[in-house]
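Here is the structure we will look at, set down as C-alpha cells.
The values are calculated or read from the model by the stated rules, or taken from the named source; none is laboratory data. Everything quoted here is computed from the prediction, not taken from an experiment. Backbone-built Cβ (ideal geometry, glycine too); neighbour counts: all protein chains shown. When the accessible area is computed, the model is the full protein with side chains, heavy atoms only, and any ligands, DNA or RNA have been set aside. Shrake-Rupley method; radii C 1.70, N 1.55, O 1.52, S 1.80 Å.
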Amino acid sequence: MTLQPRAVRTRLLLFGGLGVAIWFAFGGSHPGSAGQPPGAPVPTGAPAAQKAPEERPADRDGIQKALDAFAAGFRAGDAKAVAGQWAAEGEYIGDDGTTFRGRAALEKAYAELFAKGPNNALEVEVDQVRFPSRDTAVVEGHFKLRKGPKKELTVSRCSVLYAREDGKWLIAIAREWPGDGLSLRDLEWLIGTWEAKRNGTAVSTKYEWTANKSFIRCQFTITQEGKANTGTQMIGKDPATGGLRVWTFEDEGGIGDTEITRDGKKWVYTARGVTAEGRVLTATNLLTPLDADAFLWHSVGRALDGEALPDLPPIKVTRVRAQP
C-alpha cells in the first residue's frame with residue numbers, strides 16, 4: 001500500500017452490518033403492521049494484536065520515531081525523505097510481488113506514486129515489535145492509507161525489518177501481504193459514528209473495535225415518533241466458514257444473522273432475522289461507499305414471513321464529525 005496505488009417490530013434493523021436498522025426503518029407500512037410506522041486486518045493469517053513486552057524501551061522509542069518519520073514523509077509527498085528511511089540497499093516487496101531495491105529505485109518509485117496521487121495520508125499501526133538481535137527489529141502491523149480526493153481507506157498487513165546503522169534505525173526490508181478484500185480490516189473505515197434520516201425516522205450507529213480487534217462492535221439507535229429503539233451488532237469472522245458475519249441483538253428481543261460478501265466496491269449483506277414476536281424477516285442489503293464520509297444503503301429482496309415486500313429506495317448515510 002505504500003507503493004501500490006491500490007406488535008410486529010418493523011423497525012427491526014437487524015440486517016445491516018451497518019447496524020442501521022434501515023432494513024425497515026424507512027420503508028413505509030406493510031400488511032400486519034397494525035398501523036405501526038415501519039422500522040434496517042485481523043486479515044486472514046495476520047497475527048493477533050499483542051502488547052509488546054516492556055523491554056528495550058529506548059530501542060522501541062527509536063523504532064516508533066523511525067515509523068513516524070516514514071509516515072510524515074509519505075504524507076508530505078517527499079520521495080527523497082521516504083527513501084531516506086531505508087538502508088542503502090533496502091527493499092520493498094508489494095502485495096503483488098513487485099520489488100524495489102536500493103534507495104535510488106525506491107525514491108523514483110515513490111516520486112512516481114506521489115505524482116499520480118498527491119495528498120495521500122498514511123498511518124502505520126503497530127501490532128508487535130520484536131528484536132531478533134541487538135541491531136535488528138521486526139515490526140508486524142498494518143499500513144492504513146487514505147488516498148485520492150475521496151480519502152478512501154485501504155488497510156494492508158505489513159512486516160518491516162529494521163536494521164540499526166550508525167545508531168539510526170533504517171528499513172532493511174518492508175513487505176505488504178495480499179488480502180482477499182473481504183477481511184474485517186476492510187471494514188475499518190466504518191469506525192466512528194454515522195447517521196441517516198428520512199420521513200421522521202432517524203438512525204444513529206456507532207462502530208468501534210473490541211479490545212483485540214477481533215470484532216467491530218456497533219451500537220445503534222432508531223428513533224421514530226419520539227420513541228427510541230436500541231441494539232448491538234458484532235461484526236467478525238465466522239470461525240466455522242472463515243467468512244464475515246454480523247450478529248444483531250435488539251434490546252427488545254429481536255435477533256439477526258447476516259453474511260457479508262462483496263461485488264466490486266459494493267458490500268452485500270444477506271440477512272435473516274427474527275422479531276421479538278417470532279416473525280421472520282429476510283433481505284439483501286447493499287452498501288456502496290461514496291467517499292470516506294458517506295455511503296448508500298439499499299435494501300432489496302425483502303420479505304416478512306415469506307411474503308414479499310417492496311424494495312426500499314437507497315438512502316445516504318453520513319459520518320458524524322466530532323466537534324472541534
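Using 5 Å bins from zero, what percent of all Cα-Cα pairs in segment 57-178 falls into each bin?
P(r) over segment 57-178, rounded to whole percents: 2, 12, 20, 27, 23, 11, 4, 1, 0.
Can you pull the Rg over Rh of segment 153-282, Cα-only, Kirkwood? Don't skip to the end; give the middle numbers.
Details: Rg = 19.6 Å, Rh = 17.4 Å.
Across segment 153-282, the Cα-based Rg/Rh ratio is 1.12.
Using only the heavy atoms of the protein chains and a 1.4 Å probe, how would Val139, Val268 rank by accessible area, largest first?
My answer, sorted largest first, is Val268, Val139.
How large is the translational diffusion coefficient of segment 243-283 in µm² per second when you combine the Kirkwood radius over alpha carbon pairs with Stokes-Einstein at 37 °C and 0.692 mPa s?
After rounding, the answer is 301 µm²/s.
Through the Karplus equation 6.51 cos²θ - 1.76 cosθ + 1.60, θ set to phi - 60°, convert the phi angles of segment 59-68 into ³J(HN,Hα) values in whole Hz; use x for Gly and Pro.
So the J values, rounded to whole Hz, are 5, 4, 5, x, 4, 4, 5, 5, 5, 4.
Hey, if we sort His298, His142 by accessible area with the 1.4 Å probe, largest down, what's the order?
His298, His142
In the structure displayed, which of Lys65/Lys265; Lys151/Lys197; Lys80/Lys206; Lys206/Lys237; Lys206/Lys265; Lys65/Lys147 lie more than 31 Å apart, Cα to Cα? Don't skip to the answer; put the middle values down first.
Details: Lys65/Lys265 35 Å; Lys151/Lys197 24 Å; Lys80/Lys206 40 Å; Lys206/Lys237 19 Å; Lys206/Lys265 22 Å; Lys65/Lys147 23 Å.
Table pairs above 31 Å Cα-Cα are Lys65/Lys265; Lys80/Lys206.
Please report the net charge: other residues with Cβ closer than 10 Å to the Cβ of Asp59, K and R +1, D and E -1.
Here the count lands on +1.
Name the residue from Phe295, Cys218, Ala228 whose Cα lies farthest towards the positive end of the charge dipole of segment 184-319, charges +1 on Cβ of Lys and Arg and -1 on Cβ of Asp and Glu.
The Cα lying farthest towards the positive end belongs to Phe295.
Considering only protein heavy atoms, with the full assembly of protein chains and a 1.4 angstrom probe, order Asp135, Asp305 by accessible area, largest first.
Result of the area sort, largest leading: Asp305, Asp135.
Could you state the number of Å between the C-alpha centres of segment 60-135 and segment 261-315?
Measuring centre to centre over Cα atoms gives 40 Å.
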